[in-house]
Every structure is written in structure tokens, then in C-alpha cells.
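The structure appears right after this line, and notes come after that.
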Amino acid sequence: MHNNSLKKVLVATSNRGKLLEIQQILRSVPLELISMDEYFDSQVEIEETGSTFEENALIKAQWVYNKSGLWALADDSGLEVDALGGKPGVLSARFAGVNAGTEENNRKLLNELENISASDRSARFRCVLVLKTAPDSYLCSEGVCEGHIGFEPRGSNGFGYDPLFIPEGLDRTFAQLSSEEKHLLSHRAKALKSLLEKLNVLPL
């Protein structure tokens with residue numbers, strides 16, 4: 001039963017792991033989050049042609065807002081590895097090819113870092129969020145989590161590069177953390193927190 005007093009927000013992602021994280025982090029916020037699957041009849045693919053996280057997030061938010069008229073929340077995020085000049089960056093989800101899955105992307109990353117020592121494997125997860133609230137207005141926020149890349153996948157939680165990414169100050173990967181632990185320090189949690197602070201100036 002939906003509460004009609006809640007502001008509906010359509011989350012512009014078909015990545016179930018990402019959607020679940022956003023829902024968990026925002027569970028106490030008075031917004032009704034609707035997934036793409038719930039709103040659109042068929043699987044929707046939005047072409048991400050931007051060269052930055054912000055451009056891609058805006059493309060997705062704009063597309064969803066135009067199709068639905070609802071507030072649209074879009075996330076574009078990825079992994080930046082210093083030894084690879086910031087790659088995979090905006091190409092994180094398709095690092096090993098357009099149709100590549102998590103396993104192929106992780107394998108390619110480990111292969112490219114094969115001869116890189118532990119001290120030179122610094123990396124960060126970056127997340128940019130765009131909330132489209134009107135035809136000519138949107139809010140944007142960013143979150144970063146510093147860390148480094150391990151030598152083999154560890155853990156079964158999370159998604160994407162989580163089994164390889166070890167956040168600063170810890171000896172466990174994102175995939176070895178509980179959801180609660182990850183939400184305290186993840187790039188996505190930081191970006192959402194920043195967005196909520198900005199959202200306070202908007203009437204719900």
C-alpha cells in the first residue's frame with residue numbers, strides 16, 4: 001500500500017545491486033523509491049554517451065524525468081585506479097567489453113595490475129548522483145571512497161568490483177563487509193548524504 005503523501009522518485013538504474021543499496025541507505029527518508037522495472041513494462045537501456053560521471057548521470061535522470069514526469073534519481077559511478085591513469089572510470093561497467101559481466105571486468109583489472117606492487121595499487125570509488133526535480137532544474141552531489149585494489153577477489157557481498165576494493169584503513173574488501181558497514185563509508189552513501197543535505201532546501 002503506497003503512502004500518497006510521500007514524494008515519488010524513480011531511480012534511473014537497472015542495476016539491482018545499486019538499486020538495493022540506494023533503497024537501504026534511504027530507508028528512513030520520506031521518499032517513495034520506484035525502480036525502473038516497476039515503472040516501465042520492458043527492460044530499459046539508456047545509452048550513456050557522456051565522458052564524465054556527471055554527464056552520464058544527467059543523461060539518465062533527464063531521460064527518466066522526461067518519460068515519467070516524476071523526480072528522477074540517477075547514479076553514475078565507477079572505479080578509478082591510479083596505476084591505470086584513472087581507468088576504468090566511466091567505463092567501469094563495460095571495462096572488459098560492452099557485454100562483459102562482473103567476473104570478466106574483475107579479471108581484466110587484475111590482469112592489468114599483474115606487475116603492480118601493493119604500494120602502487122591505490123584506487124577510489126567515485127559516485128555522482130543527479131536528482132532531476134523540474135524541467136530546468138536538478139541537484140548534483142558526489143561521493144568518494146579511497147582505498148586500494150587487492151590481488152584476488154574476496155567476499156560475496158556487494159557487486160561489481162567490490163571483491164577487489166579494500167577501503168582505506170581496513171583489511172577487508174567491500175564484498176567482505178556487511179551492508180551496514182559498507183553504508184557507513186561507501187562512495188554512494190556519501191553522495192546520497194550530500195544530496196539529502198541539498199534536498200532540505202526543496203519542499204517535498
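Every number here is computed from the coordinates shown, using simple stated rules; none is lab data. All figures in this text were calculated on a predicted structure; none of them were measured in a lab. For neighbour counting, all protein chains shown are included, and Cβ atoms are generated from backbone atoms with ideal geometry for every residue, glycine included.
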Cα-based radius of gyration of the chain once divided by 2.2 N^0.38 Å, which approximates compact folds
1.03
To the nearest 20 debye, what charge dipole does region 1-98 have about its Cα centre, counting +1 at the Cβ of each Lys and Arg and -1 at the Cβ of each Asp and Glu?
260 debye
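Which GluC sites (Glu not before Pro) does region 126-204 hold that lie in a coil by DSSP with at most 13 other beta carbons within 10 Å?
Loop-located and lightly packed - 168.
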Over region 52-117, what relative contact order in percent results from Cα pairs under 8 Å that are six or more residues apart?
20 percent
Would you work out the relative contact order for the chain, in percent, from Cα pairs under 8 angstrom that are 6 or more residues apart?
17 percent
If I model a spin label at residue 20 and residue 112 as a point 7 Å from the Cα along the Cα→Cβ vector, what separation in nanometres do I get?
2.7 nm
Residue-normalised 222 nm signal for the chain, counting each DSSP H run of n ≥ 4 as -39,500 (n - 2.57), nearest 500 deg cm²/dmol, is -9000 deg cm²/dmol
Could you give the nm distance between label points at residue 99 and residue 39, where each point is 7 Å from its Cα heading toward the beta carbon?
2.9 nm
Give, rounded to the nearest 20 debye, the magnitude of the charge dipole that region 7-199 has about its Cα centre when Lys and Arg contribute +1 at Cβ and Asp and Glu contribute -1 at Cβ.
400 debye
Report, for the chain, the % of DSSP beta bridges that are antiparallel, rounded to 5.
75 percent
Per DSSP, loop GluC sites (Glu not before Pro) in region 20-87 with at most 14 further Cβ within 10 Å
45, 47
Could you give the Stokes-Einstein D for region 85-199 in µm² per second, using the C-alpha Kirkwood radius, 4 °C, 1.567 mPa s?
85 µm²/s
Label-point separation in nm, residue 27 to residue 52, each point 7 Å along Cα→Cβ:
3.5 nm
Flagged links, alpha-carbon separation over 30 Å, of 67/193; 108/190; 7/87; 8/182:
7/87
Expressed as an acute angle from 0 to 90° and rounded to the nearest 10, what is the orientation of the C-alpha long axis of helix 102-112 relative to the principal long axis of the chain?
40 degrees
Among 171, 120, rank each residue by its count of other Cβ atoms within 10 Å, from fewest to most, as a rough exposure measure.
171, 120
